[in-house]
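Asker: My questions will all concern the structure given below.
Rule-based calculations on the coordinates, nothing more; no lab input. Note that this is a predicted model, so its numbers are computed, not measured. Neighbour counts are summed over all protein chains in view; Cβ atoms, including those assigned to glycine, are modelled from backbone coordinates with ideal geometry.
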Amino acid sequence: MLLSVLRAMVRRLSQEEERDLMVRVAHKDSDALADLYDQYSTLVFSLVMRIIKEPSEAEDLLQEIFLQVWEKASTFDSRKGNLYAWIVTLARNRTIDRIRRNRGARTRQQKLSEERMATLPNTSGETPLEAVVGFERAQLVRDALEQIPEEQREVLLLAYFSGFSQSEIATHLTLPLGTVKTRTRQGMIKLQTILRKQMAS
Amino acid sequence: MSIQQETFEELCAGYVLGALSTEEALEFERSLLTADEPSLLFYVEMVQTSFHLPLVVDFVEPPPHVKMKILQALLPEPEPELSFWQKCVQALRLDRPAMAWMVACLFLIGTVGLSLFTGSNLAKLEHTNNRIELLSERFQQQKSTVSTLQKKNTQLQTKLTSVQRELKQHRLQIAQQKEVISVLHGRYVRMITMSGLGRRYRKGYGKIVWNIRKRRALLQLANLPTVSQKRDYQLWLIPKSRRKRPVSAGVFSTLKADKAYFYNIPKKFIPRSRRNRKRYKLFAITIEKKGGSKRPTMKPILAGRIRL
């Protein structure tokens, strides 16, 4: 299923091509934004849907996210930036903002910086999307998540897709905050280990 | 593994998932600044691991209309029909910065000039208004002063009239006294006392001071009633002989009650020679018609015997 959807996407672009695309978007080239949309809309929409679960609101957010890409394109460092990371972080931030606002959340929670996330060194030399559309390892990501213990997976998914802070997760799962932190750390390390092994093989 | 490293890894895992509180995130970012290489490598690996999480979602393609909406939103808005003012702006090329600046400067200079001119005129006008107000105030004060002075003037006029009247009175009195003194002066002065006759005139009295040598005589009357305007007092010389008629010694009109009255008997009525003087026995006063009568028509009201 995952691979068929990804195959259905338009031709995948290399990191270099993506960077050129962002330069054009920064220069207000609407065709470039259309190409970028074709490249990332399914991923972004799916991510938003997973978080917000409401199609009409997801559509609204998708539009909002790409218009923000249009506006903020000039802040993206096209020489060393990771477009995938930038867009995914932007999309998640906007969506988490929306659900936190809908929830009337009052606690101040960390917000990931798109720029910070996008400018980290990429050790594998390819984005996860590129790796996924390389067909071999797409399912491996899901398998990796399946391999980590249930209680750790639950904490990771709640943290990433529900917009809950660790304190809120602790309240939600009626667990001590320290346990949530430990499970997060262990889950992430385990996921990273599994993924590294899979990618190496 | 140290507790510090474990804490770093816990914060790092929460950080890359965006699940820390703001304070924890700041603490982690601060610790990153002093982190060693293995810690930094751990951080990078955690970030890259977190980037895989979006891929576990069920992929759903967005509806095609979203793309259309996004691209439509990027299109510039159709130019609205220009208003007259906007057409003027275009015609004057005010959309060009240089022209706009020039027009703005001209407008500014014009506005400043007009403001200064108007301001100056307004200041003058205000000054004039202030002066008018001041003058008006002064005028009112002077008007009030004039009114006060007029009142005082009227009072003074009245006083003056009164003083003049008194003065006239005094002069008259002085003249009369001089007359009396003049008449009294000398050896040949006779005094004839006249008494009131009848009940009505009993309080009345009169004196005639007669200077025989100078042939001058002065009548002083008092306590006689005022006669009506149609009547006059008339002084008579009453002869000793019954066959002779009384002779008029003068007509005088005004007599005020309770006031002394002097009447200078005209010389023509005063007998000249001794013989003539001895023909008369009385002076008498009657009330006659206006201007006097040829002979007495009424009873005398005052009479006095002549003793020479």
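Asker: What are the membrane-span-like helices in chain B by this rule: whole DSSP H runs, Cα extent along the axis at least 27 Å, mean Kyte-Doolittle hydropathy at least -0.5?
Answerer: Span-like helices in chain B: B:97-184.
Asker: Taking the Cα centre of the protein assembly as shown as the origin, how large is its charge dipole in debye, to the nearest 20, when only Lys and Arg (+1) and Asp and Glu (-1) carry charge on their Cβ atoms?
Answerer: Dipole magnitude for the protein assembly as shown comes out near 20080 debye.
Asker: Per-residue HN-Hα couplings for the range A:25-32, Karplus 6.51 cos²θ - 1.76 cosθ + 1.60 at θ = phi - 60°, whole Hz, x for Gly and Pro?
Answerer: Along the range A:25-32, the couplings run 4, 4, 8, 6, 9, 5, 5, 5 Hz.
Asker: Trypsin sites (Lys or Arg not before Pro), restricted to the range B:117-188: which are DSSP loop and have at most 15 other Cβ atoms within 10 Å?
Answerer: Listed in order of number, the matching sites are B:Arg187.
Asker: Also, I was wondering about something else. Between B:Tyr280 and residues 5 or more places away or on another chain, which pairs have amide H atoms under 5 Å apart, with H built 1.01 Å from N, and which residues are they?
Answerer: B:Lys240
Asker: To continue, here is another question. From the backbone phi of the range A:145-160, what are the Karplus-calculated ³J(HN,Hα) couplings (6.51 cos²θ - 1.76 cosθ + 1.60, θ = phi - 60°) in whole Hz, Gly and Pro given as x?
Answerer: Each residue of the range A:145-160 in turn: 5, 5, 7, 7, x, 3, 5, 6, 4, 4, 5, 5, 5, 4, 5, 7 Hz.
Asker: Taking the simple approach of a point 7 Å from Cα along Cα-to-Cβ for both B:Gln142 and B:Ala222, what is their distance in nm?
Answerer: Going from the B:Gln142 label point to the B:Ala222 one covers 5.7 nm.
Asker: Fewest Cβ neighbours within 10 Å first, please rank A:Leu36, B:Leu82, B:Leu197 accordingly.
Answerer: So the ranking, lowest neighbour count to highest, is B:Leu82, B:Leu197, A:Leu36.
Asker: Counting Lys and Arg as +1 and Asp and Glu as -1, what is the net charge of the other residues whose Cβ lies under 15 Å from the Cβ of A:Thr174?
Answerer: Here the charged neighbours net out to -2.
Asker: Calculate, in nm to one decimal, what B:Glu27 and B:Gln150 gain on full extension: separation in residues at 0.36 nm each, minus their alpha carbon distance.
Answerer: Once the chain is fully extended between B:Glu27 and B:Gln150, it gains 34.5 nm.
Asker: Among B:Pro62, B:Pro225, B:Pro246, whose mean-square fluctuation peaks in a Gaussian network model of chain B (Cα, cutoff 10 Å)?
Answerer: B:Pro62
Asker: Of A:Gly104, B:Ile192, B:Ile132, whose Cα points farthest to the positive end of the dipole of the protein assembly as shown (charges on the beta-carbon: +1 Lys, Arg; -1 Asp, Glu; origin at the Cα centre)?
Answerer: Towards the positive end, the residue furthest out is B:Ile192.
Asker: Go through the range A:173-181 residue by residue and turn each phi into a ³J(HN,Hα) via Karplus (6.51, -1.76, 1.60, θ = phi - 60°); whole Hz please, and just put x for glycine and proline.
Answerer: 9, 6, 10, x, 4, x, 5, 4, 5
Asker: Continuing with this model, one more query. Residues with amide H under 5 Å of B:Gly250's amide H, sequence separation 5 or more or different chain, H placed in the peptide plane at 1.01 Å from N; which?
Answerer: B:Leu235
Asker: As a footprinting exposure proxy, order B:Thr118, A:Thr174, A:Thr182 by other Cβ within 10 Å, with the fewest listed first.
Answerer: Ascending Cβ contact count within 10 Å gives the list A:Thr174, B:Thr118, A:Thr182.
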